[in-house]
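Below: one structure, written as structure tokens.
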Amino acid sequence: MPAATGRLQEDFQSVRILTPPLDAARSLHHYLLNAPIMAKIKRPSWDEFWFLMAMVYSTRGTCDRLRAGCVIVKDKKLVGAGYNGSPRGLPHCDEAGHLIINGHCERTLHAEENAVLNTERRNLEEATAYLLGTPCLRCMRLMVNSGIRKIYHLGTYNNALGKKYITQLAREAKVELKQFPFKPKELWQRAEEILRGAGGILKH
């Protein structure tokens, strides 16, 4: 017998095929059949998520007549955001009080204005704005002129300047203006439930 063939037979004979004991195999099979499956978390939809982000930004607002927030989104990415606050270097409402003109506080820039200012020009084209309330006519014109094509809001702000003209402006500019039925408290509670659940930062 050639030496090489002899070595092959020796190597083949030295190979050990490990077969688990029958009891162990049955135990593994039973575990796989009955192993607990992790519950699938109902994540917020994209629209719900961006409204939540607008709510978070509103916590930075400095006018307590309405703490507003706005996020600007493009291709499911946050490209800009803002809240209502005074121009840079000037006192805020919570420092100097409200500046009321014709029933409106004019001390601050609106959330939509700051969001547009905080967004690169190229990212405004065909973007979507998520607001907590109805935009005023001034902010509506600004967003339309900036290239934003969809404006989504949660509630309605009855004191919004020029409110009755907003729908007309959206229609003429071919901009989608839509109110969502989500309830802010429920959105926030669901987000907190996730954060208090498995893997959440508030679990412990």
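The set of residues in region 170-189 that are farther than 13 Å from residue 149 by Cβ and in a helix (DSSP H, G or I) comprises 171, 172, 184, 185, 186, 187, 188, 189. Against the numbered list (1) in contact with a Cys (Cβ under 7 Å, 6 or more places away or on another chain); (2) open to solvent by 30 Å² or more (accessible area, probe 1.4 Å); (3) within 22 Å of residue 173 (Cα to Cα), residue 131 comes up short only at (2). When you scan region 60-70, do you find a residue that is in contact with a Cys (Cβ under 7 Å, 6 or more places away or on another chain), closer than 30 Å to residue 123 by Cα, buried (at least 17 other Cβ atoms within 10 Å of the Cβ) and at pLDDT 95 or above, even just one? Within region 60-70, none of the residues are in contact with a Cys (Cβ under 7 Å, 6 or more places away or on another chain), closer than 30 Å to residue 123 by Cα, buried (at least 17 other Cβ atoms within 10 Å of the Cβ) and at pLDDT 95 or above.
Scanning region 115-134 turns up at least one residue that is of a type in the set (Ser, Thr, Tyr), modelled with pLDDT of 90 or more, over 17 Å from the mean Cα position of the chain (by Cα) and in a loop (DSSP other than H, G, I, E, B). Residue pairs whose Cβ atoms lie under 9 Å apart, sitting 6 or more positions apart in sequence or on different chains, and linking a residue in region 180-194 that is without any contact (Cβ under 8 Å) to a residue 40 or more places away in the chain to a partner that is of a type in the set (A, V, I, L, M) and surrounded by 14 or more Cβ atoms within 10 Å (Cβ to Cβ), are 181/154; 183/154. No other residue among 96, 25, 35, 54 is open to solvent by less than 50 Å² (accessible area, probe 1.4 Å), at pLDDT 65 or above and not β-branched (Val, Ile, Thr) apart from 54.
The numbered conditions (1) outside any strand (DSSP E or B); (2) among the β-branched types (Val, Ile, Thr); (3) under 14 Å from the mean Cα position of the chain (by Cα) are all true for residue 79 except (1). Note on region 99-113: residues that are at pLDDT 95 or above and either open to solvent by 30 Å² or more (accessible area, probe 1.4 Å) or in a loop (DSSP other than H, G, I, E, B) (or both) total 0. For the subset of region 148-180 comprising residues that are over 19 Å from the mean Cα position of the chain (by Cα), of a type outside the set (A, V, I, L, M, F, W, C) and within 24 Å of residue 118 (Cβ to Cβ), which member is surrounded by the fewest Cβ atoms within 10 Å (Cβ to Cβ)? So, considering only residues that are over 19 Å from the mean Cα position of the chain (by Cα), of a type outside the set (A, V, I, L, M, F, W, C) and within 24 Å of residue 118 (Cβ to Cβ), the one surrounded by the fewest Cβ atoms within 10 Å (Cβ to Cβ) is 176.
Taking residue 198 and the conditions (1) surrounded by 12 or more Cβ atoms within 10 Å (Cβ to Cβ); (2) of a type outside the set (Val, Ile, Thr); (3) at pLDDT below 90, which numbered condition does it fall short on, given that it satisfies the others? Condition not satisfied by residue 198: (1).
The values are calculated or read from the model by the stated rules, or taken from the named source; none is laboratory data. No experiment lies behind these values; they were computed from the predicted model shown. Ideal geometry is used to build each Cβ from the backbone, glycine not excepted, and the neighbour counts take in all protein chains shown. Note: accessible area is taken over every heavy atom of the protein model, side chains too, but ligands, DNA and RNA are not part of it. Shrake-Rupley method; radii C 1.70, N 1.55, O 1.52, S 1.80 Å.
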